[in-house]
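Okay, so here's the structure we're looking at.
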Amino acid sequence: MTGVSQQNISDDKLVSATGLTRAAWHELLDAADATTWTHTQIATWLRETHNVDGWWAQGITVAYEQARGMRMPGQQPDGTFSTSSSKSLRGTRNEVLDLVVDAYTATSGKTPASVNPEAKHPTARWKLDDGTSVLATVSPGTASKSRVALTHSKLGGEAVAAAKDELAEVLRELASRVDRSVD
C-alpha cells in the first residue's frame, strides 16, 4: 500500500509552496464543509479560491481526504487502487516494449487492447476480464537502457499486494529470460 500523503511531503515544503501548513489547509477545508465535496471539488476550490498550483492542490486534497477518512492511502478518487512495479532493461524503448508485451500477454493470456510504440513513452494496455487494466510504459534510461513500468489499475484494496507481486514477477522473469536486466 501507498503511504499516507502527509508522510510524503514535509510541512516545510508545503508552506514554502502554498503559504500554509497542512493543519491550516485542513482547518480551511473543514470550515468550508469540504468533507461533503468530491475530490475534484476540493482541488478546484483550492486552485480557484486560494490560487494553489494544481500539483499542490492535488496533494492537499489527498492528504485532507486521508486525514478525514474519506480515502485510504493509495486509493483513487473512484475508490479503486493501483499498484506498479518497474525495472530497467537493456534495449531501446521499442525493443523493451516488444519484450514486455510478449511477457505480459503470456502471463495474462490476453492480447493488448492498445499498443502505442510511437509515443514519447511507448505504451501497451491490457483490459482484463475482471474489469481491471494493466498499462506498460517504457521510458528512456541512460546509455542503452530503458525503464519499463507495469501499472495495474482499478483494483479492490484486497487485491493490491497480489497484483504488485505478479507485476514484479513478470518483470523478474522477463529480465532473467532475456538476460538484459541492469538493476
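The values are calculated or read from the model by the stated rules, or taken from the named source; none is laboratory data. In this text, all values refer to a predicted model and were calculated from it rather than measured experimentally. Methodologically, a virtual Cβ is constructed for each residue, glycine included, from the backbone with ideal geometry; neighbour enumeration extends over all protein chains shown.
Consider region 65-111 and keep the residues that are over 30 Å from residue 143 (Cα atoms) and of a type in the set (Asp, Glu). The one that is nearest to the chain's Cα centre (by Cα) is 78. Of all positions in region 88-99, at least one carries a residue that is surrounded by fewer than 20 Cβ atoms within 10 Å (Cβ to Cβ) and at pLDDT 95 or above.
Inside region 45-65, residues that are without any contact (Cβ under 8 Å) to a residue 12 or more places away in the chain and surrounded by 13 or more Cβ atoms within 10 Å (Cβ to Cβ) make up a count of 1. What do you reckon, is residue 103 in contact with a helix residue (DSSP H, G or I) (Cβ under 8 Å, 6 or more places away or on another chain), touching a residue at least 60 places away in the same chain (Cβ under 8 Å) and under 26 Å from residue 15 (Cβ atoms)? So residue 103 does not fit the description; no. Give me the residue from region 100-123 that is among the small types (Gly, Ala, Ser) and assigned to a helix (DSSP H, G or I) and, out of that set, surrounded by the fewest Cβ atoms within 10 Å (Cβ to Cβ). The qualifying residue surrounded by the fewest Cβ atoms within 10 Å (Cβ to Cβ) is 106. Regarding residue 137, is this residue of a type outside the set (A, V, I, L, M, F, W, C) and either free of Cβ contacts under 8 Å to residues at least 24 places away in the same chain or outside the structural domain of residue 91 (by TED's automatic domain parsing) (or both)? In short, yes.
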